[in-house]
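Okay, structure first, notes after.
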Amino acid sequence: MSEQKFSISKESVIENIKILQSFMKKQKLDAFYVSSFDPYLNEYVPLVNCHRYYFSHFTGSTAELMVPAKGKVKLYVDGRYHEQADLEVDHKFVEVVKVSTGQSNLECLQNDLLKMKAKMVGVEGDRTALSFLRKLEKQFK
């Protein structure tokens, strides 16, 4: 049996963003963190199991994603993925945050949450590293 390539349309990504932002509004969340990991915190995850792909259309192995309650999704990528991210996302709905050398994607995401004065942040509990979850819990609900 041949392996089928998984793909979703950019229109589906836009619809997924709207659905998540609607959920966030009901839950009174200012932002939602979506990792690239699977429940075992593996970095290399098939696209069908990479929730970040469903909200960005980005296929690289490493990136972080923050969905604000309103406005563009932010996709945090390091230097290996700057060009690829620019080519794959719909820039009307996703902002590519090009993380500088020496900074981590998670650091930049956390700094942006602070800048936007987020109070309530949602996470995927089974796909968020405990160390990052602890950092978020110190600053946000």
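Do the conditions hold for ILE19, that is, is it more than 14 Å from the chain's Cα centre (by Cα) and under 20 Å from MET120 (Cα atoms)? In short, yes. Pairs are defined by a Cβ separation below 7 Å, a sequence spacing of at least 6 or placement on different chains, a first member in region 95-115 that is without any contact (Cβ under 8 Å) to a residue 60 or more places away in the chain, and a second member that is of a type in the set (Lys, Arg); the pairs so defined are GLU95/LYS72; GLU95/LYS74; VAL97/LYS74; GLN110/LYS135; ASP112/LYS74. Take VAL45 and decide whether it is more than 24 Å from GLY102 (Cβ to Cβ) and in a strand (DSSP E or B). The answer is no for VAL45. With the structure loaded, tell me whether PHE6 is under 22 Å from ASP90 (Cβ atoms) and touching a residue at least 24 places away in the same chain (Cβ under 8 Å) or whether it fails that test. Against the criterion (under 22 Å from ASP90 (Cβ atoms) and touching a residue at least 24 places away in the same chain (Cβ under 8 Å)), PHE6 qualifies. Within region 80-95, the set of residues being out of contact with any helix residue (DSSP H, G or I) (no Cβ under 8 Å at 6 or more places or on another chain) and open to solvent by 60 Å² or more (accessible area, probe 1.4 Å) comprises ARG80, GLU83, LEU87, HIS91, LYS92, GLU95. Every test in (1) in a loop (DSSP other than H, G, I, E, B); (2) among the aliphatic types (A, V, I, L, M); (3) open to solvent by 50 Å² or more (accessible area, probe 1.4 Å); (4) at pLDDT 90 or above is passed by ILE19 save one, and that test is (1).
Can you confirm whether SER12 is hydroxyl-bearing (Ser, Thr, Tyr), surrounded by 12 or more Cβ atoms within 10 Å (Cβ to Cβ) and either in contact with a strand residue (DSSP E or B) (Cβ under 7 Å, 6 or more places away or on another chain) or within 17 Å of VAL121 (Cα to Cα) (or both)? No: the conditions fail for SER12. Per the listing LYS117, LYS74, LYS98, LYS135, the residue uniquely basic (Lys, Arg) and loosely packed, with under 13 Cβ neighbours inside 10 Å is LYS117. Scan region 23-38 for residues that are closer than 17 Å to GLY125 by Cα, open to solvent by 20 Å² or more (accessible area, probe 1.4 Å) and either among the basic types (Lys, Arg) or under 13 Å from the mean Cα position of the chain (by Cα) (or both) and the total you get is 2.
Listed by first and then second residue, the pairs linking a residue in region 39-59 that is surrounded by fewer than 15 Cβ atoms within 10 Å (Cβ to Cβ) to a residue that is of a type in the set (Asp, Glu) and not in a loop (DSSP other than H, G, I, E, B), with Cβ atoms under 8 Å apart and 6 or more places separating them unless they lie on different chains, are PRO39/ASP126.
The values are calculated or read from the model by the stated rules, or taken from the named source; none is laboratory data. Bear in mind the structure is a predicted one, so any value in this text is a computation, not a measurement. For neighbour counting, all protein chains shown are included, and Cβ atoms are generated from backbone atoms with ideal geometry for every residue, glycine included. For the accessible areas, the whole protein counts, side chains as well, though only heavy atoms, and no ligand, DNA or RNA atoms are used. Shrake-Rupley method; radii C 1.70, N 1.55, O 1.52, S 1.80 Å.
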